[in-house]
Structures are given as C-alpha cells and as structure tokens.
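Just so it is clear, none of the values below were taken in a lab; they were calculated from the coordinates. Everything numeric in this text was worked out from a predicted model, so none of it was measured. Cβ atoms come from the backbone with ideal geometry, glycine included; neighbour counts cover every protein chain shown.
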Number of protein chains: 2
Amino acid sequence: MTADSKLEKIAEIKGEILKRVRPTAEEKIKLESVRKSIMDDIVRISQEQGQHGILPLSVGSAERDTWLSGSHDIDVFISYPEDIPFDEFHRKSRKILTEMAKTGDSWEDRHSEHPYIHIRKEGFEVDLVPCFRVKSGACIKSSVDRTPFHCAYIKENIRGLEEDVLLLKQFMKGVGVYGSEVRTGGFSGYLTEILVICYGGFESVLEHAALWKYGVVIDLAAHQSLKHEHPLVVVDPTDPKRNVAAALSLTKFARFIDRTRSFMKYPSADYFKHKEYAPMSADEFEKQMAARGTEMIGVSFQTPSAAEDTLYPQLFRMELSLEELFLRNEFTAVNTFSWSEESGESIVFIELLSAELPPLQKRFGPPVWNANNAETFCRKYKTSPDTFSFAIENEKYVAEVPRKYKTAESLIDDLILKETALGRHIRDSVKNGYRILRKEDIMKIQNENFWKFINEKLTAQIEP
Amino acid sequence: MTADSKLEKIAEIKGEILKRVRPTAEEKIKLESVRKSIMDDIVRISQEQGQHGILPLSVGSAERDTWLSGSHDIDVFISYPEDIPFDEFHRKSRKILTEMAKTGDSWEDRHSEHPYIHIRKEGFEVDLVPCFRVKSGACIKSSVDRTPFHCAYIKENIRGLEEDVLLLKQFMKGVGVYGSEVRTGGFSGYLTEILVICYGGFESVLEHAALWKYGVVIDLAAHQSLKHEHPLVVVDPTDPKRNVAAALSLTKFARFIDRTRSFMKYPSADYFKHKEYAPMSADEFEKQMAARGTEMIGVSFQTPSAAEDTLYPQLFRMELSLEELFLRNEFTAVNTFSWSEESGESIVFIELLSAELPPLQKRFGPPVWNANNAETFCRKYKTSPDTFSFAIENEKYVAEVPRKYKTAESLIDDLILKETALGRHIRDSVKNGYRILRKEDIMKIQNENFWKFINEKLTAQIEP
C-alpha cells in the first residue's frame, strides 16, 4: 500500500466510524433534557432544604461533547463551598442525595469513603457526586474535587478535536484497552482527551503511540514535579504531582503500542470493533485441556461484597501469591487468571505444567560454616529414617527427603490461609469456605459469560 | 563429655591410629632399598649415555617421612641443568626414561605435555619425572620444577611433626577429602603438610579448620602477591603467586569443615576409616527409584583415552551443560553425576523430577517496542495453525505453542551435540555414538564398582 493510498484508506475508515459513533441530534436533545432536569432538581432541592452556596456542575464527557453515540452516562457533581467542615459536608450532601434518589427510576448508594449515588433516569445512567469547590486541582480536599478542573481544562482545549476523541475512544474500545477500572487497567476518558490535545488529532496519537517505549513522559504544561515509575507518565495539567496514566497497566500500554503500529501499517475498520469470544462448550474445554496437557486448578469462593475496584486488586494479588506458593514448592505455573461474578462465586485459576510431583524433594540447608543453622538442619534431616540421602554440595548441606506437598490440592489445602498474601475481603471469604475445582468441576459451570471468558483465556489472539 | 576427658579421648584415638598408619621398620628398610636402587640406576644410565649434569632427586612423602604405612609410592625426579633447551631436554630425558622403563617389573608412558613414566618395581609404584634444576620455585621452566622446592621446604620445616601429618592424612582419607586429582578435588599431601606446619599439629589443624569459612587465607611466609577466588587460599611458601589449595573443590573444603567440627565435638576413631558403600543390587535400585519417583537418565559413551585429570573436568562440564540444557527446556534436574571406567564406558547421569512435559509450551517474545524482533516473533507464531494462543503479557508477546521437546530422550537426541559444551575428547566419543539409558538399561549393568558408586550417590550419608 502506498503512503497516499494508506492516507486515503484511513480517511475513509474515519468517516465510516464517525457515522457510527457521532451522537445524533436526537440523542443530543434527549441527553440535554435529562441533564437539565437533574441540574434543576439539585438547585430546587437545595433551596427547599435551605442549603446555600450549592452549585451543580456537569462534568462528564457529555459536557465536553466527547461521548460516543449509544452511551448514556451523565455525571453531575454537587459542589459545596471549600470551607465547610467535613461532617457538615457529609450531613448536608446526604440530605440532598436522599431527595435526588427519589427523582430517578431506580437508584443505588455507591459511597465508599466518599458519599455518592447512582440513579437511572429515562434510560440514562447518572452519577451524582458531592464535592468541594476548591481553588485548583493541586489543593483538593477530597479526591473527586479534581474532576471539575479536568472537565474545565478539556472544554477549554478540545475545541475542534471532539471527533478525534470519539475516534480514539472507539479505537481503544475496539482493541480492548479502554476503561480505567482496576479490572481493565486501560485508558480513561480524560487520558484519551489529553492525548488528543497533546498530539493534535487521532492519527497523530496513533503515529506517536506506535513508537512509544516504557517510560514515555507527556507533560503538556511542562510542569512535572515528581518522578513516576509507570509505563506511561502523563502529567495532569491541573495537578503537576499526578500521573493521569497511573492506573494504566503495562499489558494495556503494550497492547496499545502493538495495535497502533499494526493499524498504521494495515489500516482497517476492524480495529474499531471489539472482538467478542463465543462461549466455549464444556466438551471443547475438555478437548483443549487434553491438547494442552496441562492441569487447570481453580480456587472458588463466595465473591465478597466489595466494590470492583477493591475486589480486583485482591484477586490479582491472590493470583500472584498462589503462583509464588506453587513455585516455592516446585510446581510450575503456566497461567493464572481470575473470574468473578457479583453476588456469585469468584474463581482464581492457576494452570500448571503438572499438578503432581514425585515423592523425593531435595532440600538445601545452610552453608557448613553457619554452625548454629547447620546444627538445626542436621538434627532435623540427618538422622531421620525418612531421609533418602544427606550430603554436602558446594558449601551447603543437602538432604533428599520425602516431599510434603506432592499434589496441588494438598498444597492449597494446607497453605492457602497460611502462606499466601490475601486481601482482607478475600481472606474472610476463603476462611468461610472454598472449593478446589479440577477439570471435571469446571466443566459443570453453567454461565455463558464464564465460558466466553474461558474461551478468551485459552485461545486469545491479538486481532485483527 | 568434659574438656579433659575429650582431650584424653583424642590422645587415645591418636595412639590407636598411629599404630596403624606409622610405617614399620621393615617397611622403611624395604622402601629405602628400592628407592636407592632407582637413584643408582638413574646415575648409572645417564653415565652410560654420556649425559652430564643429571641429578636424581627423591621428592615424595617417602623422602620427608610423611608416608602412610601400606602405601607404596616413590617419586623420583631426574633433574637437568636449567639452561639446556627444551628439545634437548625432551630428547635426552626420553633416552634415560626408555632405559629406566626396563628396570621395572612393568611400566607405562604417562606423558601429556611433559615426559614422564610410571614403573612398578618390587611392589612399589614409582613415578619417574624429568625436570629442570631452576633457582627457585618462582622461576620454574616446567610445572613439575616446583616439586623439589616443595620437598625441600617440608623437609626443613616438618621435623617433629611427621606423625601429625600421618594423622591428618589418615583423617582426611577417612572423611573422604584426601587426594588432589581433579576427580577427587581434595587436599594434596603437600597441602596437608603445610597445614600441619602452619597450625603446629594435628589437633590444632582440626580446631582451626572447624572455624574456617569461604575465603580463608593462610600465608606462612606473609608474602602473598595475588588475590585468589578460591574457598581456601594457602600461599605457596616456595612461590608467592601460587595457591597450594587451588585444586580443592568447594564441596571438599566444606566437608572437611563439617567433619572437623563434628570430630572435635564427639571424637571417635571412626573418622579415620573411609566408609565403603556396599554394591547396590539392581532390584534394590529399582525399589529406590520407585520410592524417589524421579527419572534417572544416563548418557553412555566410550570412555575417551585421556588422562583422568583431563577426562574428569570434561565429565563435570558435561553434567553442568546437560543440566542447563534441561533447565532451558523446562525439565527440572535433581542430581547429576558421572561414572567412568577406563577403556570401558563413561556415563553421565541426570536425575529429573519428570522425564516428560505436557504438549503446551509458553514462549515469551520481545517487548512490543522492539519492533524488528516483534515482527519476527509474530510472523513465526501468531498465524501458525499450531499456536494455542497469542497474547501480550506485561511488555512482552507471549505465544502458547506445541512443545518441541516433550521427552528427555528427544531433547538429548536433538541437542546433545548442538547445544551442550562438551570437551574435545568427550565430543569426539559422543559423535562416534552414545546410548541413552533408562532405568531398565541401568539395571543391566554388571560391575560391582558401578553399583557401589550408585549406592553412594543415592543413599549418601555424612558419617560418622
């Protein structure tokens, strides 16, 4: 493909994609009307409650015209004067949220440390978040106080580039790197917008990203004030100490580089469409596992009731911790991954080269000149009738002894609570009971999403 | 045991051992007569051949009264003036050795780079070694020229400590650390003598050795001139650049420390008696292997005709190299060891946790930002119909592909000549043919010494 025909091809793809992702006039009118009614409700309710100095702020992508057609997210912040005390802020904002909840078709309390509710209204998903109106993003009182500054910064700088943001968001969705929840570890909307502003447009972001390496720094305002240990550092224009890309995982960063490079070589509309894996059948799973010859072990427990962004770090830590436990005991892990269903079961999987080890284990002791430890080691193993052999290799004692954990199951049963680093929520759940799943148990799981997930894990392809 | 009763006990043991290892008057007379006749023969033959300036030098432990009863070793050097050229030295010395060979009951040419023969005479094992009479151990012309200086140094300094040397040598034999051949990697006679001179006696050597750590330096003449990377550094009093303990392996060094510490705690005459392992029966071997659950693989080939000190380093290197080859291919080695029979077969053994691996192998590619290597890796694996999955993990591409070497045998057959570091002699022999031995093949071996060796390897105990 010549450079010219490639440019033509990209222009053509962009047109095609924009037709799909640009919100229609009708969608815009509808969203505008819902948003206005929410803002009005907040003003009305705060007045009825005699609360003064309250300002509703629209802060989402809807506000800056960078929302994708078909998405129905509205973010409205309820801002309080900076100087009111925290307890007053909590008390007063709860009062408003209680009334606002009634204006929705349904609602959920989503507060963790910070108060906040989610309501559904006329088909829209609305986050209502109280915050402080601070002077700048660098002197916030609560973590959400930054958002209005982000929104203002983007509104001021994005003019004319809104469609480039739409294209980049859709591209990222297509290649599976969009979304800043911990579970995904991808790019946030704000990060996408900053990239477009920085590089000046959709193609320019892709051209640059194709050449990224670990440790790229993007500092729009040239005011970075801290060193970060992240794959990508994008200094927040509204707060120089913050890396906008702090939540981006190395895997998603690398995937984006790979996909942009590939797209720039062979442009195609396929990149904008996220690959859906079909559910794998239990029989196909059995066939796959036979072909792999590995052993798949799952540890299943009741999903703790915790926010996803609390739960997933704990699941990831459990994967790592299990892998280390197995490694310490001479089992070799090929893969680990986690499945979790809200108010259902969570399963941490570990795929092993073998789930069984021979009875003999070689244990290395201390160097001979470490007299005290040497005595302990010799007392333990040298005279034991079970010891196969006891010798010195290089500077160390070495005993061949019966292996304590010959099977993956015995290892998990004995040490899952003793020798793995489990997060608080998962630890409590595992204490209440867990099951070890082998292939036969896994095959019994009836859940379409689970089998899509398994298909993706076992047969992943980076496509197109 | 009180300190006093311990000292009494040690004194008693020493007396008992000395009775066994002190040569009898009869033995001394016999040895003296054979040695004298050899020295006389050298003088006579050199005169008959018109060679002038030749001096026979008696240099062995016999010369310094530190030989153990029952040993029948005599070392006689045939010294030439320092200034004769190498080719003349070789020609002339060969003439004398040719005649000397005829004075023995049998003889062997043992020269490698240096000319030297071994003769058997009236029950004695005699080494006849030509050398240059240089001015000091620091300006030798050939490596053997040092020996006369060693002998002179010991004779001058050992007076009154001869029996301590006998005790130390016998102790070292008993605990399996005596002998400086590469195969053994233990203490040489000269090293033993230096230690006795340094510490002043048998018990004192043991007391000090019990506290040794890696890197002890012993410098009798306080003239060390080089740093050595060895567990034990004993500066040669006759050549400051040389470490007398350079050939001592870390394992034997550590074993000596362990055994001395143990002896000083619980003195016993058992330490002076080398443990002989009984031959293991093939049935017992089968039982042992079943209990261990591991897989024993041997690579057998014709023992190359090379001196032991040339062959053993090559065998050790092959063990290490095979272990690395297996590790690179995800097999886990528990032990390696080598058996070698002169003019018979040599076998390098590797004991594995498992001799078989599952069909799936996970291969990590380059980081995504390494564009050229990335392309090569993707081309190779991404589109291959055999690939199970292709993904990105952290910064790297990772492909799950069919494993090339699922069995230890296929790995050896494909790569033993391509990807192991084999010494010249072993490489030539393996090229000529090798066999892979499994348990059933090993069980067919008919050789008592082999089965003693296997018994020691599988059931080693540090005793007493």
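Which of rounded, prolate, oblate describes the range A:79-139, given a ≥ b ≥ c as roots of the alpha-carbon gyration tensor eigenvalues and a/c under 1.5 marking rounded, otherwise prolate only if a/b is larger than b/c? Please report the intermediate quantities before stating the final value.
Values: a/c = 2.50, a/b = 1.84, b/c = 1.36.
Taking the square roots of the gyration eigenvalues as a ≥ b ≥ c, the range A:79-139 is prolate.
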Exercise for the section: Using the Kirkwood radius over Cα pairs, work out the Stokes-Einstein diffusion coefficient for chain B at 37 °C and 0.692 mPa s, in µm²/s as a whole number. Expected result: 126
Exercise for the section: Along Cα→Cβ, 7 Å out, is where each label goes; now give me the distance between the ones at B:Ser410 and B:Lys452 in nm to one decimal. Expected result: 4.1
Fill in the blank from the handout: Summing -39500 (n - 2.57) over every DSSP H run of at least 4 in the protein assembly as shown, dividing by its residue total and rounding to the nearest 500, the 222 nm mean residue ellipticity is -13500 deg cm²/dmol
Problem - Hydrodynamic radius (Kirkwood) for the protein assembly as shown, which is based on Cα pairs only, to one decimal in Å - result: 35.1
Problem - Largest to smallest principal axis extent of the C-alpha atoms in the range A:308-464, angstrom - result: 58, 33, 30
Completion exercise
One finds, for B:Asn373 and B:Asp441 with R0 = 45 angstrom and r their Cβ-Cβ distance, a FRET efficiency to the nearest 0.05 of 0.60
Problem - chymotrypsin sites (Phe, Trp or Tyr not before Pro) lying in DSSP loop within the range B:262-297, provided at most 16 other Cβ fall within 10 Å - result: B:Tyr277
Exercise for the section: Under 1.5 on a/c is rounded, so check that first for the range B:139-179, then, if it is not, pick prolate when a/b is larger than b/c and oblate when it is not; a ≥ b ≥ c are the square roots of the alpha carbon gyration tensor eigenvalues. Expected result: oblate
Completion exercise
Of every Cα-Cα pair in the range A:224-268, the percentage lying beyond 16 Å is 48
Practice task
Return the long-range amide H neighbours of A:Leu232 (sequence gap of 5 or more, or a different chain), with a cut-off of under 5 Å between placed amide H atoms.
Solution key: A:Gly215
Completion exercise
tail above 19 Å in the computed P(r) of the range A:70-176, as % of all Cα-Cα pairs, reads 55
Fill in the blank from the handout: With one decimal in nm and the nearest listed first, the spacings from A:Glu27 to its own position in the other copies, using label points 7 Å along Cα-to-Cβ, are 10.2
Problem - Under Karplus coefficients 6.51, -1.76 and 1.60, residue-wise ³J(HN,Hα) of the range B:116-123 in Hz, glycine/proline x - result: 5, 10, 10, 10, 9, 8, 6, x
Practice task
Treat the count of other C-beta atoms within 10 Å as a stand-in for reagent exposure and order A:Lys431, B:Lys418 from fewest to most.
Solution key: B:Lys418, A:Lys431
Exercise for the section: State the extension gain, in nm to one decimal, for the chain segment bounded by B:Arg317 and B:Val43, taking 0.36 nm per residue of separation less the distance between their alpha-carbons. Expected result: 94.3 nm
Practice task
Neighbouring Cβ atoms within 10 Å as the yardstick, rank A:Thr192, B:Thr383 fewest first.
Solution key: B:Thr383, A:Thr192
Fill in the blank from the handout: Out of B:Thr303, B:Asn335, B:Leu437 - ranked by how far each Cα lies towards the positive end of the dipole of chain B, with unit charges on the beta-carbon of charged residues - the top one is B:Asn335
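Could you grab the relative contact order for the range A:1-113? Cα pairs under 8 Å, six or more apart, rounded to a whole percent.
25
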Fill in the blank from the handout: Neighbours of A:Tyr80 by Cβ distance under 15 Å: Lys/Arg at +1, Asp/Glu at -1, summed charge +2
Exercise for the section: Could you pull out every residue, at least 5 positions away or on a different chain, whose amide H is within less than 5 Å of the one on A:Phe187? Hs are placed 1.01 Å off N in the peptide plane, and Pro or chain starts have none. Expected result: A:Tyr178, A:Gly179
Handout entry: Cα-based convex hull volume of the range A:285-390 per residue, rounded to whole Å³
Key = 165
Completion exercise
Sorted largest first, the Cα spans of the range A:162-272 on the principal axes come out in Å as 40, 28, 22
Fill in the blank from the handout: The percentage of Cα-Cα pairs in the range A:360-402 separated by more than 13 Å is 45
Handout entry: Using θ = phi - 60° and Karplus 6.51 cos²θ - 1.76 cosθ + 1.60, couplings along the range A:71-80 (whole Hz; Gly, Pro as x)
Key = 8, 10, 9, 10, 10, 10, 9, 10, 9, 10
Problem - Label-point separation in nm, B:His118 to B:Ala307, each point 7 Å along Cα→Cβ - result: 1.1
Fill in the blank from the handout: quick shape note, the range A:308-350: Cα extents on principal axes in Å, largest first -> 35, 15, 12
Exercise for the section: Quick one: work out the % antiparallel among DSSP beta bridges in the range B:23-138, nearest 5. Expected result: 60
Fill in the blank from the handout: If labels are modelled 7 Å from Cα along the Cβ direction, A:Asp105 lies from its partners in the other copies at nm distances, smallest first, of 11.1
Handout entry: Taking A:Ser384, A:Ser338 and counting other C-beta atoms within 10 Å, the order from fewest to most
Key = A:Ser384, A:Ser338
Completion exercise
Here the relative contact order (percent) of chain B, from C-alpha pairs under 8 Å and at least 6 apart, is 12
Problem - Inter-centroid distance (Cα atoms) of the range B:298-348 relative to the range A:392-464, Å - result: 37
Fill in the blank from the handout: Amide H proximity to A:Glu345 below 5 Å, modelled H, separation 5+ or other chain, gives A:Thr303
Exercise for the section: Any chance you could run the full-extension gain for B:Lys135 through B:Glu99? It's 0.36 nm times the residue separation minus the Cα-Cα distance, nm to one decimal. Expected result: 10.1 nm
Handout entry: Whichever lysines have a C-alpha closer than 17 Å to that of A:Lys173, once near sequence neighbours (fewer than 8 apart) are set aside
Key = A:Lys14, A:Lys19, A:Lys252, A:Lys273, A:Lys275
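Give me the compactness ratio for the range B:23-138, meaning the Cα radius of gyration over 2.2 N^0.38 Å. Could you put the intermediate results ahead of the total?
Details: Rg = 14.2 Å, N = 116, 2.2 N^0.38 = 13.4 Å.
Compactness ratio reported: 1.06.
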